[in-house]
Amino acid sequence: MKDPILIIGAGLSGLAAAQTLSTFGENVLVVEKSRGPGGRMSTRHEQLHGKEMSFDHGAQFLRAHGDGFRKVMDAWERDRWIAPWRGQFVRIQGQRVEPEEGRLRYAPGPGMNRVCREYADRLQDRVQYGTRVTKLDEEDGRIMATTKEGKCIGAFRAAICTAPGPQTGQLLGGFRPMLARAAESTSYAPCLAAMVAFAERPSVEWCAASIHDGPLSFVAEDNARPGHQQPEGPSRWILHASAKWSTEHLETEPELFAPLLLEAFGQLPEAKLSDHPLHLQGHRWRFALVEKTTAASTPETEGIPPVAIAGDWCEGPRVEAAWCSGVRAASAIRKALS
Ligand SMILES: Cc1cc2nc3c(=O)[nH]c(=O)nc-3n(C[C@H](O)[C@H](O)[C@H](O)COP(=O)(O)OP(=O)(O)OC[C@H]3O[C@@H](n4cnc5c(N)ncnc54)[C@H](O)[C@@H]3O)c2cc1C
């Protein structure tokens, strides 16, 4: 059997690349530093009084801008991995609350990681978690990958790196310099998030709000997502800080910034938080939303054995870009190997 193709990262871009290559009969190995798939589309599970509750603390919903991804989303909807998120969305500016009309938003259920989990499950033992690649080398015309612990995880005939741009830049520096430079040139806005659960639902009429001033940028009721509706149990909410506030408080500890975001929630118009939260936890997304992508002139692959890059940072700040870049990188690698 031929050596496998290495894919670094089990976010949507890495799994889209793996799925595409597998469809063409290629042997792949996906390595992921975390304990599960999803990356920024992951779902956090917490225990409350011996019961599990979940929070979608990263990406919130999906939309298709192009026909290609529209078709992919149609298939996901047919398979019931995603569903339209129907509920009252509002826009808040100062004390003004206005309904937000527009295109339908979709969300995976029962958790944001559903799509990634489905792809990872299909790949079975070809996804390896808890494996952080820190070095790539070349030996006898093959790519050798080494983990943080100094363990060599194998020899590969090609590789696709989907770690955030600045991290890909470090990994590929000195190995595939053109791609490393392209990756290093990308930038992100951070996002500080809080996951909060109440015994009683806060007194707002909406289930999600985009906020245009103050510390918060987006607030969503986790229970209200498609596939999430749990009539009993705590009322779970996600609070996202604006890029400006997140940048200003980036090095603040999560246990300090989470109460500040909760306070900002309580100050939104009509929001009466009737009790102390049952659960409050902060999460820092250092690389959250892409601000600057790679240049259009970036090569599709570099070197032999070929290496490609993928991730939203190659195309734009959304799930769709992650998917499209993964599929494109897989095609580029196949072309380079043929
Ligand atoms: C707070 C927030 C809100 C968002 N809201 C939306 C939204 O509503 N709609 C939308 O379309 N998009 C949204 N996004 C953006 C969306 O989540 C991303 O565009 C998309 O998930 C990126 O997928 P990816 O595969 O490119 O990267 P990631 O999901 O970041 O995946 C990269 C993976 O690589 C792994 N990794 C990194 N380094 C290594 C290494 N050295 N070795 C092994 N593994 C490694 C990481 O652990 C990660 O799992 C949001 C993002 C955030 C953070």
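The values are calculated or read from the model by the stated rules, or taken from the named source; none is laboratory data. Here the structure is a predicted model, which means the values were calculated and not measured. Note that each Cβ is placed from the backbone with ideal geometry, even for glycine, and that neighbours are counted across all protein chains shown.
Annotations
- The lone criterion from (1) within 26 Å of Ala243 (Cα to Cα); (2) in contact with a strand residue (DSSP E or B) (Cβ under 9 Å, 6 or more places away or on another chain) left unmet by Glu263 is number (2).
- Residue within the range 148-155 that is within 11 Å of the ligand (Cβ to nearest atom) and touching a residue at least 12 places away in the same chain (Cβ under 8 Å) present: yes
- Listed by position, the strands (runs of 3 or more DSSP E) inside the range 94-197 whose residues that are out of contact with any Leu (no Cβ under 8 Å at 6 or more places or on another chain) number at least 2 are 96-99, 133-139, 142-147, 152-156.
- Counting only strands (runs of 3 or more DSSP E) that fall entirely inside the range 207-256 and contain at least 1 residues that are farther than 17 Å from Gly111 by Cα and among the hydroxyl-bearing types (Ser, Thr, Tyr), the qualifying elements are 208-211, 216-221.
- Within the range 7-18, residues that are within 15 Å of Phe156 (Cα to Cα) and assigned by TED's automatic domain parsing to the domain that holds Val30 have Cβ atoms under 8 Å from residues that are near the ligand (Cβ under 6 Å from one of its atoms) and assigned to a strand (DSSP E or B) in these pairs: Ile7/Val31; Ile8/Val31; Ile8/Val133, counting only partners at least 6 apart in sequence or on another chain.
- When the range 29-67 is limited to residues that are touching a His at 6+ places or on another chain (Cβ under 7 Å), in contact (Cβ under 8 Å) with a residue 12 or more places away in the chain and assigned to a strand (DSSP E or B), the one that is farthest from the ligand (Cβ to nearest atom) turns out to be Leu48.
- Subset of the range 315-333 [part of a loop (DSSP other than H, G, I, E, B) and either touching a strand residue (DSSP E or B) at 6+ places or on another chain (Cβ under 6 Å) or surrounded by 23 or more Cβ atoms within 10 Å (Cβ to Cβ) (or both)]: Pro317
- Scanning the range 19-28 for residues that are touching a residue at least 24 places away in the same chain (Cβ under 8 Å) and either away from the ligand (no atom under 14 Å from the Cβ) or touching a strand residue (DSSP E or B) at 6+ places or on another chain (Cβ under 6 Å) (or both) gives Leu21, Ser22, Phe24, Glu26, Asn27, Val28.
- Test: Thr131 is within 14 Å of the ligand (Cβ to nearest atom), farther than 30 Å from Asp74 by Cα and polar (S, T, N, Q): yes
- The set of residues from the range 88-113 being within 24 Å of the chain's Cα centre (by Cα) and crowded, with 20+ Cβ neighbours inside 10 Å comprises Val90, Tyr106, Ala107, Pro108, Gly111, Met112, Asn113.
- In the range 285-314, the residues that are part of a loop (DSSP other than H, G, I, E, B) and surrounded by fewer than 20 Cβ atoms within 10 Å (Cβ to Cβ): Ala295, Ala296, Ser297, Thr298, Pro299, Glu300, Gly303, Ile304
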